[in-house]
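Each remark here refers to the structure printed beneath this line.
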Amino acid sequence: MNQKKISIDITESFEEEITCEEIMEESTDLIEKVPANLNSYFKKVKEESEIPLETVNKTISERKKDSKSFAEKYRPKTLNEIMGQAEAIVKIKIFVANYPKKKKAMVLYGGPGTGKTTMAHAIAKAMDAEIFELNASDLRNKNKLQEVLKPAIEQKSLTKLNKIILVDEVDGICAVDRGGLSELLELISITTYPVIITANDIWKNNLSSLRQKAELVEVREINYNIIKDVLINILKKEKLSINDDVLTKIAVKANGDLRAALNDLQTASRLKDPSKFVPDERNRRTDIFNALKLVLKGKPNNDLLKVYDSVDMQIDEIFLWLEENISKEYSGLDLVRAYDLLSKADVFKGRIHKQQYWRFLVYENALLSYGISSAKKNSNCGFTSYQKPTRILKIWLSNQRNAKKKSIAQKYAKLVHVGYKRAMNEFPIIKQIIQSNPKIQQELKLEKDEIEYIVR
């Protein structure tokens, strides 16, 4: 919600001040020293120094190998090589072994660099299966999915007995969705192969239908001790040495992102003095429960003004969470003061929406964070179970009641070539038609719960 201006000082890693012109000049010199074509370069070397061809080919191979990033070079190939994800691996094995007894798709969700895609490739190798991979960010519409994914689901593998369909970064299919998600769900229902889907955030509102269709497996952030062990093993393989304190900083600041840690390690290893490498801290998302704990239990300070910046939730929704849970922490005059500040924040919220005066967002945020935290005299140090706002729950229950009606109307509209709005308006009549003839239920491909909704 709040935009931040990010500035990067590219000179901070150098001992002496260096200008951009000097950096450009140095980079030009380096480019001129590297041959554009390694093959022609080594051919020339061979002619001049009569180096054996095997040595030249070996050198070329080593150069190409060294050009790989650590993250790619040391990507785990088998399930046993994947560190820190034992629970998720067990669930993937069970899903593939029992397919399709329960659900036809599994969603691996979690932060970047935790091994979601790697696990999918590793399980495919373990079961000697072909893996058909597509990135959902490139397939945001129905036609593309029909063109690319549907043939893969319908055709057998030419080289393997089994096949796994991998849809990577399903968040991308919903960023600019032109029927892509609904088509994906339909293809999942007809597939005869396991579908593994990855996502950073599966809890987005527009992914609710996917959550119902698929088995959900959380891929947790990797513990920094495990990350550090991986870094040490790679240094041994690369015959490199880096200060233990630097390794600890890299592991901690990666915030569970192993890929980011490997990139930092490679950067540090290329410096003349790796001990001076300062890794950037990766953005860590804060869930709403931790944010509430900081505000309602912690002492008020200026850092609280940024507490909601890392929460993946609109400020209006955060308002509802506070409204629901303030009374669990505050009582007496503290509760009066907190609700008074909440009401003032609500005034600013109303002005923002009515007048589009977004500058007031600063005041709303301050009242909901520092303001409410400062309303209490004493903190409650015990455990408090925060609850989801009942207002959101009521909206959700209403949506659930209408969800089956909407899905049936969509299928009916598609089958008989009428508009969705017309199908919704005429739903009482449509419901009677579907009830009267089981063959129509089969033609519409209604799910079990949809049939129950119709016949009740």
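The values are calculated or read from the model by the stated rules, or taken from the named source; none is laboratory data. No experiment lies behind these values; they were computed from the predicted model shown. Every residue, glycine among them, receives a Cβ derived from its backbone with ideal geometry; neighbour counts consider all protein chains shown. Calculation scope for accessible area: heavy atoms of the full protein, side chains included, ligands and nucleic acids excluded. Shrake-Rupley method; radii C 1.70, N 1.55, O 1.52, S 1.80 Å.
If you take all other residues with their beta carbon under 13 Å from the beta carbon of Asn425, and give Lys and Arg +1 and Asp and Glu -1, the sum is +4. Applying 0.36 nm per residue to the separation of Asn290 and Ser182 and subtracting their alpha-carbon distance, the gain on full extension is 35.5 nm.
Peptides 408-416, 233-241 ranked from most to least packed give 408-416, 233-241, packing being the mean of other C-beta atoms within 10 angstrom over each peptide's residues.
Once the Cβ-Cβ distance of Leu235 and Asn135 is raised to the sixth power relative to R0 = 51 Å, the FRET efficiency obtained is 0.95. Solvent-accessible surface (1.4 Å probe) assigned to Arg391 amounts to roughly 120 Å².
Computed extension length for Glu447-Val347: 31.4 nm, one decimal, from 0.36 nm per residue of separation with the Cα-Cα distance subtracted.
Here the simple spin-label model places points 7 Å from the Cα toward Cβ, and for Lys102 and Glu154 these points are separated by 3.1 nm.
Taking a Cβ cut-off of under 13 Å around Lys160, the surrounding Lys, Arg, Asp and Glu residues balance to a net charge of +1, with basic ones at +1 and acidic ones at -1. Taking every Cα-Cα distance in the stretch 271-349 and sorting them into 10 Å bins starting at zero, the pair-distance distribution P(r) comes out as 15, 42, 22, 10, 7, 4, 0 percent.
In the assembled protein chains, Trp203 presents an accessible area of approximately 140 Å² (probe radius 1.4 Å).
Protein-only accessible surface at a 1.4 angstrom probe places the residues Arg359, Arg456 in the order Arg456, Arg359, largest first.
Full extension of the chain segment joining Leu161 with Glu426 gains 90.6 nm, where the gain is 0.36 nm per residue of separation less the Cα-Cα distance. Remark: relative contact order (the stretch 328-425) = 25 percent; criterion is Cα-Cα distance under 8 angstrom and separation of 6 or more residues. Taking all protein chains as they are arranged and a probe of 1.4 Å, the heavy atoms of Glu221 leave approximately 90 Å² accessible to solvent. Applying 1/(1 + (r/R0)^6) with R0 = 51 Å to the Cβ-Cβ distance of Ser436 and Lys93 gives a FRET efficiency near 0.65.
A straight Cα-to-Cα reach below 17 Å connects Lys448 with the lysines Lys101, Lys102, Lys103, Lys104, Lys213, Lys404, Lys405, Lys406, Lys411, Lys431, Lys439, residues fewer than 8 places away in its own chain not being considered. Report the label-to-label distance for Val416 and Asn205 in nanometres (one decimal), using points 7 Å from each Cα along the Cα→Cβ vector. Computed distance between label sites Val416 and Asn205 equals 3.1 nm. Model label points for Thr267 and Arg391, set 7 angstrom from Cα along the Cα-to-Cβ axis, are 4.2 nm apart.
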